[in-house]
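Asker: Okay, handing you the structure first.
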Amino acid sequence: MNFKLTSLASAVVLAMMATGAAAEGDAKKGAKVYKKCKACHDVKKEKNKVGPHLVNIMGRTAGTIEGFKYSKVMAESGIVWDEANLDAFLTKPKKFMKGTKMSFPGLKKEKQRQDLIAYFKSLQSDG
């Protein structure tokens, strides 16, 4: 009986590890997904387009890029962009944040969202 319990516990731990690994995105694939975003957002230069630039998006408070006119709901949200918030926002922006000006319908595929987030993370600079 003890052996069965240990085996079950090991199986659960392995399953949890596999799930965590699956949730990790591929930055290279994310660069391809980003092509859907680049008409409105820049990730290389701190230059706003139709949407705000996404330079160092991870860990940044939403609605805080100086010189960009955000929707009131975005500017007052206080949301800090992390993996969970970005994933929820990228799934369906207008559902996540009612009143956002972002017209993009979202990314239905979880893998694409995870890849895009991995891409954003790969572009982070320390300064």
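The values are calculated or read from the model by the stated rules, or taken from the named source; none is laboratory data. This one's a predicted model, so the numbers in the text were calculated from it and none came from an experiment. Please note: Cβ atoms are built from the backbone with ideal geometry, for glycine as well, and neighbour counts cover all protein chains shown.
Asker: Quick check on I117: is it under 20 Å from A27 (Cβ atoms), hydrophobic (A, V, I, L, M, F, W, C) and touching an Asp or Glu at 6+ places or on another chain (Cβ under 8 Å)? Write out each step before concluding.
Answerer: Numbers: under 20 Å from A27 (Cβ atoms): yes; hydrophobic (A, V, I, L, M, F, W, C): yes; touching an Asp or Glu at 6+ places or on another chain (Cβ under 8 Å): yes.
Taking the combined requirement at face value, the residue satisfies it.
Asker: Just to verify a result, which residue in segment 35-59, among those that are of a type in the set (K, R), assigned to a loop (DSSP other than H, G, I, E, B) and out of contact with any Cys (no Cβ under 9 Å at 6 or more places or on another chain), is nearest to Q124 (Cα to Cα)?
Answerer: Restricting to residues being of a type in the set (K, R), assigned to a loop (DSSP other than H, G, I, E, B) and out of contact with any Cys (no Cβ under 9 Å at 6 or more places or on another chain), the top hit is K44.
Asker: Ok, one more. State all residues of segment 103-119 that are in a loop (DSSP other than H, G, I, E, B) and crowded, with 18+ Cβ neighbours inside 10 Å; if no residue qualifies, say none. Before you say what the answer is, go through the steps one by one.
Answerer: So the first thing to find is which residues in segment 103-119 are in a loop (DSSP other than H, G, I, E, B), and the list is 103-109.
Within segment 103-119, just L107 meets the criteria.
Asker: Within the bounds of segment 73-89, is there any residue that is more than 17 Å from M58 (Cβ to Cβ) and among the polar types (S, T, N, Q)?
Answerer: Among the residues of segment 73-89, not one is more than 17 Å from M58 (Cβ to Cβ) and among the polar types (S, T, N, Q), which makes the answer no.
Asker: Sticking with this structure for a sec: Sort out which residues of segment 51-66 are of a type in the set (V, I, T) and over 22 Å from A88 (Cβ atoms), and write them in order of number.
Answerer: Hits for segment 51-66: nothing passes.
Asker: Suppose we keep only residues that are more than 20 Å from Q112 (Cα to Cα), touching a Gly at 6+ places or on another chain (Cβ under 6 Å) and in contact (Cβ under 8 Å) with a residue 24 or more places away in the chain within segment 30-75. Which one would you say is surrounded by the most Cβ atoms within 10 Å (Cβ to Cβ)?
Answerer: Once the filter is applied, the top-ranked residue is M74.
Asker: Which of the numbered conditions does T6 fail, given that it passes all the others? Conditions: (1) in a helix (DSSP H, G or I); (2) at pLDDT 95 or above; (3) β-branched (V, I, T).
Answerer: (2)
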